[in-house]
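This report refers to the structure that appears directly beneath it.
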Amino acid sequence: RGLMLAVEFVRPGTTEPDPQATAEVFEACRAGGLLVGKGGLHGNVIRMGPPLTLTEEEAREGLAILVDAIRQVLAGEGGAA
């Protein structure tokens, strides 16, 4: 019971799943201190399930880490090996 958020990654200009970008965002989030899950039929979904006690400050901090991770991947600085 609680909040569940997800972000699906697809290749630009298509609806084709992008599991590589997802893995890189996953690793960049981890490196930034944000624990997220990875799933979806094609492994192209980042899942977040914050606690019901989440504060606005914590939400903003988590969002900043997620946005930074996505920017790193888009810039070609991904975290996956």
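The values are calculated or read from the model by the stated rules, or taken from the named source; none is laboratory data. Small disclaimer: the values here were computed from a predicted structure and weren't measured. Cβ sites come from the backbone with ideal geometry, for glycine too, and all protein chains shown count toward neighbours. Side chains are part of the model used for accessible areas, which takes the heavy atoms of the whole protein and leaves out ligands, DNA and RNA. Shrake-Rupley method; radii C 1.70, N 1.55, O 1.52, S 1.80 Å.
Some notes on this structure:
- In segment 60-80, the residues that are of a type in the set (Gly, Ala, Ser), surrounded by fewer than 13 Cβ atoms within 10 Å (Cβ to Cβ) and either in contact (Cβ under 8 Å) with a residue 40 or more places away in the chain or part of a helix (DSSP H, G or I) (or both): ALA64
- Subset tally (residues that are assigned to a helix (DSSP H, G or I) and either out of contact with any strand residue (DSSP E or B) (no Cβ under 8 Å at 6 or more places or on another chain) or open to solvent by 40 Å² or more (accessible area, probe 1.4 Å) (or both)) for segment 27-59: 9
- Segment 1-19, subset within 12 Å of the chain's Cα centre (by Cα) and at pLDDT 95 or above, residue least open to solvent (accessible area, probe 1.4 Å): PHE9
- The one condition from (1) without any contact (Cβ under 8 Å) to a residue 40 or more places away in the chain; (2) of a type outside the set (A, V, I, L, M, F, W, C); (3) out of contact with any strand residue (DSSP E or B) (no Cβ under 7 Å at 6 or more places or on another chain) that GLU16 does not meet is (3).
- Hey, GLU24 over 15 Å from the mean Cα position of the chain (by Cα), at pLDDT 95 or above, among the acidic types (Asp, Glu) and in a helix (DSSP H, G or I) or not: no
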